[in-house]
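What follows is a single structure, written as structure tokens, with notes after it.
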């Protein structure tokens, strides 16, 4: 059964629709499906749709979300606009991120910044390398956003990455 596109639009002031995306290596496809189902079920997440697409590996990008061939799980979720619902979404999203990292996968950075700084660094260990390049071309941090600020929390907490990076 298919629905009209209009049915996906937000019709409510009390509910927002959010996207989340997880990139899982081909070999871990089935395992992630079971983990994701358990997390969504346990936390009663209001999943509207999950699309799965194949992504070819990209080993060139600093922050590649698919360094190897993988499957992307694009989750479309209804989230009530209440602080307690947002707090619950933070919990189950971090569990999904932990699961993706444990399976050598990643999550998509630009969506809601639910990931902890530690999860950001675990999923994207080359973020520190990108930050060094960014500092070279933007030393005053003129160009920034909430994603950069969230990922930088891990770098601020652990300056050891600076010792091993060239100037």
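Remarks
- For the range 10-163, diffusion coefficient by Stokes-Einstein and Kirkwood Rh (Cα), 37 °C, 0.692 mPa s, µm²/s: 198
- Ranked by the mean number of other Cβ atoms within 10 Å of their residues, highest first, the peptides 100-113, 25-38 come out as 100-113, 25-38.
Any read-out appearing in this document is the output of simple, stated calculations on the displayed coordinates, not a laboratory observation. Values in this document were obtained by computation on a predicted structure and should not be read as measured data. Neighbour counts run over all protein chains shown; Cβ positions are idealised from the backbone, glycine included.
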